[in-house]
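The values are calculated or read from the model by the stated rules, or taken from the named source; none is laboratory data. All values reported here derive from a predicted model rather than from experimental measurement. We place every Cβ from the backbone using ideal geometry, glycine too, and count neighbours over all the protein chains shown.
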Amino acid sequence: MSVSTASDLEKAARPGGSIDSKDGEKQGLSQGPDAHSTTQVGGRITQESIVVYDEIAIERIVTRHSVASRARQSMFSKLSRKTKSREKLPPPVLPITDLDNGVVGWDHQQDPEMPLNFTQSRKWLIVSLLSLITAMTPFASSILAPAIETLAKDLQVFSLTMASMPVSIFLLGYAVGPLVLSPLSEIYGRYVVFISATLWFCVWLIGCALPPSIETLVFFRFMSGLGGSACQTIGGAIIADVFPVSERGSAMAYLQPVQAG
């Protein structure tokens, strides 16, 4: 508490002799939140609390915390609503066989032959095998690169560009294959197209081990690239057929890193 002396009162009573309010405020602030400053109002000395400044600061802090708390509550409520809505997603309705209308589908929604009704162990076995073959085909695209010089000597190739062609031509088949295999998988089914393309890839890859000339090797590599593109093209569609929407993220988490190389 700041106490005014007699000399201060006399100065306040004289014209122009009032106590400087700024000095009083500084003195009150230096003495803590319970201190008071002295000012002259209407020729009399009054006491004004400076605690109001602390109250304003505290109010700002409380307001800031309350705004952050409301933002967190809003975020958590939105996340909880999304989680509940995800849990309540109904299973997709797939077409039922109706030969009169030309529809060939499933016998009923609980048909054990329907991929969505496969057991979890069977589903994850499919994902594992799909990931393995998906890792093998990109590996086969560049595995020939370290042997280009040896290949050129064995096949009597004197052009480095021609000797490198088997590596590049595989990627060309890798790019052309999806244009053919994707529509075929929609017409004839994933299983038939995927198995046929994988066998195609393996057969032509065996032929790449015994080429009589560089031209034959280039052709074999192109054909093997066509078949090897099936896993990249149809892999995601197979997971979409086997897993419901709420479980596809987990399955794709295993497949996508392999597809990215």
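Structure notes:
- Pairs meeting the criteria (first residue in region 202-214 and over 22 Å from LEU132 (Cα atoms), second residue of a type in the set (A, V, I, L, M, F, W, C) and assigned to a loop (DSSP other than H, G, I, E, B), beta carbons under 7 Å, at least 6 apart or on different chains) are SER213/LEU155; ILE214/LEU155; ILE214/VAL157.
- Unique match (being under 25 Å from LEU144 (Cα atoms) and crowded, with 20+ Cβ neighbours inside 10 Å) among GLY207, GLY228: GLY228
- From SER131, SER182, SER196, SER164, residue being at pLDDT below 90, part of a helix (DSSP H, G or I) and either loosely packed, with under 15 Cβ neighbours inside 10 Å or within 34 Å of the chain's Cα centre (by Cα) (or both): SER131
- Yes/no for SER141 being touching a residue at least 12 places away in the same chain (Cβ under 8 Å), more than 30 Å from PRO115 (Cα to Cα), part of a helix (DSSP H, G or I) and of a type in the set (Ser, Thr, Tyr): yes
- Residue in region 225-234 that is touching a Phe, Trp or Tyr at 6+ places or on another chain (Cβ under 6 Å) and farther than 26 Å from MET252 by Cβ present: no
- Condition check for ALA240: under 21 Å from LEU125 (Cα atoms), touching a helix residue (DSSP H, G or I) at 6+ places or on another chain (Cβ under 7 Å), free of Cβ contacts under 8 Å to residues at least 12 places away in the same chain and part of a helix (DSSP H, G or I): yes
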